[in-house]
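What follows is a short report on a single structure.
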Amino acid sequence: MKLLKLVSMFLLTGAFVSAQTIISITFSQPAASQSTNRSKAIEVPFKVCYSSETWVRPTKAEQINFLLSKKRYGDVTKEPERYERWLSYNIYSFTIFGGSAFADYHYLAGLWTPIGNPVWQCDKSSRHKINTGEIAEVWVLLYRAISIKWVGNHYLMVVKPTQKGFQYIQLSRREHQDSLPLKVITEDGSEIKVLPFSPNNLSY
């Protein structure tokens, strides 16, 4: 739109507008826009409230056998894909924690191996802060968080891969969306999928 107005102005004033001039104007706009977008990235404070450097994710067979030992899940062999899908994620985000679901998330993510009987590993007051929208929690498995920034309308977390371990990360929220608007990438820009949990998505 700006380009059309500029060309019209030149034509009305009788000025000569060459194709080279128009191309120069056209291609200079995105660069300026990109520079502006980069300048809007805001650092988001976060803390690692619990972590392990030795945890190894259980195999699918180990996971199924463990869940079979928990009567609450029934015969998981009848629909193994429902539970195995958890093992295909390494990032889980939470904007709410409620009741027994907290233990379920640990079991289904394979975090029963280092923890045994799940307990609240971070500050106990954190649960209230999460449920009231003050902070969010992100579980990072087999990666380490490097930075978190607020870019445009979402959080951008940069991570690096590890052979073992996990982190429970808590971050201050800048929005009030139902599900955490989180994008996770590695240092080379590869995107890692996130399994989100929110007040409207608590089922497993």
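Observations on the model:
- Placing +1 on each Lys and Arg Cβ and -1 on each Asp and Glu Cβ, with no other charges, gives the range 122-171 a dipole about its Cα centre of roughly 160 debye.
- Separation of the Ile146 and Thr59 label points, Cα + 7 Å toward Cβ, nm: 3.3
- Calculated FRET value between Val48 and Arg82, using beta carbons and R₀ = 25 Å, to 0.05: 0.25
- Taking every protein chain into account, the accessible area of the range 145-184 amounts to 46 square angstrom per residue (probe 1.4 Å).
- In this simple spin-label model, placing a label point 7 Å from the Cα along the Cα-to-Cβ direction at both Lys164 and Ser190 gives a separation of 2.2 nm.
- Entries of Lys70/Lys129; Lys70/Lys124; Lys40/Lys183; Lys60/Lys160; Lys47/Lys124; Lys40/Lys193 with Cα pairs more than 19 Å apart: Lys70/Lys129; Lys70/Lys124; Lys60/Lys160; Lys40/Lys193
- Neighbourhood charge, 11 Å Cβ-Cβ cut-off, centred on His154 and excluding it, Lys, Arg +1 and Asp, Glu -1: +2
- Pairwise label distance in nanometres, Ser198 with Ser172, each label 7 Å out on the Cα-Cβ vector: 2.3
- Kirkwood-based Rg to Rh ratio, the range 76-195, C-alpha trace: 0.96
The values are calculated or read from the model by the stated rules, or taken from the named source; none is laboratory data. All figures in this text were calculated on a predicted structure; none of them were measured in a lab. Cβ atoms come from the backbone with ideal geometry, glycine included; neighbour counts cover every protein chain shown. When the accessible area is computed, the model is the full protein with side chains, heavy atoms only, and any ligands, DNA or RNA have been set aside. Shrake-Rupley method; radii C 1.70, N 1.55, O 1.52, S 1.80 Å.
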